[in-house]
1. Keeping all protein chains in place, calculate the accessible area per residue for the chain (probe 1.4 angstrom), answer in Å².
2. For region 24-142, just say rounded, prolate or oblate: build the C-alpha gyration tensor, square-root its eigenvalues into a ≥ b ≥ c, call rounded for a/c under 1.5, and beyond that prolate if a/b exceeds b/c, oblate if not.
3. Can you give me the long-range amide H partners of Ile123? Hydrogens built in the peptide plane at 1.01 Å from N, cutoff under 5 Å, separation of 5 or more residues or another chain.
4. Rank Gly60, Gly47, Gly106 by mean-square fluctuation in a GNM of the chain with C-alpha springs under 10 angstrom and give only the top-ranked residue.
5. Any chance you could run the full-extension gain for Asp51 through Ala87? It's 0.36 nm times the residue separation minus the Cα-Cα distance, nm to one decimal.
6. Taking loop as defined by DSSP and a crowding limit of 16 other beta carbons within 10 Å, which GluC sites (Glu not before Pro) in region 1-109 fit?
7. Considering only protein heavy atoms and a probe of 1.4 Å, how much of the accessible area of the chain is carbon and sulfur, as a whole percent?
8. Can you classify region 1-85 as rounded, prolate or oblate using the Cα gyration tensor, where a ≥ b ≥ c are the square roots of its eigenvalues, rounded means a/c under 1.5, and otherwise it's prolate if a/b beats b/c and oblate if not?
Amino acid sequence: MKKHTIRIVGGDYRRTPIPVIDGEHLRPTPDRVRETLFNWLRYFWNGNFSDKSVLDLFAGSGALGFEAASHGVAHVQMVEQNPAAVAALRSLALRLKASNVRVHAGDALQALQRLRPGGMDLILLDPPFQQGWFERLWGLLPPLLAPDGLVYAEAESPLEPPESFEILRQGKAGQVHFHLLRFAAPQKNDNNGRQ
């Protein structure tokens, strides 16, 4: 069987092939969607990627995380539980000498509990479809996000996030709906302005 590959679309590793293993629920984000996402990020981050930390929570092929690394973010934490996918991610990171990429083998929910609060500028979410992941994840994301932190999410239908998340941009490619969101902390009226 012919090995399937996709390519990194922008940045330092542009045109680098990413091998895609055969695996249930693995759907690499299409080139056009990744290009759109990074155009959006360029706008919201004023073109500055170098101080950003990114979490790719369902890394799969690594298309999103390696794209972020290619664009020069400071740090990419990939999380994946499929052993073959983990091996492929580590192999590609090594081949690229991508010192800003770390690959964690394990469960997404357990990985979230171990992360440093307030450390992520962008969380990439491309979970398996039809498994109710977003309902489990929404409440766990805000503590991990830096101020003005963003969440990118792919789903099988348009997302309806909690009111605490603002949809900044959204689009559709084939059967995939993709969204860029920002967490807006609820305002409290409790005189917290006092020193």
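1. That works out to 54 Å² for each residue.
2. Working: a/c = 1.32, a/b = 1.14, b/c = 1.15.
Rounded is the answer for region 24-142, as its axis ratio a/c remains below 1.5.
3. When sequence neighbours closer than 5 places are left aside, the close amide H contacts are Leu55, Leu150, Val151, Tyr152.
4. The residue with the greatest mean-square fluctuation here is Gly47.
5. Numbers: separation 36, 0.36 × 36 = 12.96 nm, distance 2.74 nm.
Residue separation times 0.36 nm, minus the Cα-Cα distance, leaves 10.2 nm.
6. Working: sites: Glu24, Glu35, Glu67, Glu80; in loops: Glu24.
Counting only loop positions with at most 16 other Cβ atoms within 10 Å, the GluC sites (Glu not before Pro) in region 1-109 are Glu24.
7. Values: 4900 of 10510 Å².
C and S atoms contribute 47 percent here.
8. On the way: a/c = 2.19, a/b = 1.62, b/c = 1.36.
Cα axes put region 1-85 in the prolate bin.
The values are calculated or read from the model by the stated rules, or taken from the named source; none is laboratory data. Model, not experiment: these values are computed from the prediction. Note that each Cβ is placed from the backbone with ideal geometry, even for glycine, and that neighbours are counted across all protein chains shown. Each accessible area value is taken on the protein alone, full model and side chains, heavy atoms only, with ligands, DNA and RNA left out. Shrake-Rupley method; radii C 1.70, N 1.55, O 1.52, S 1.80 Å.
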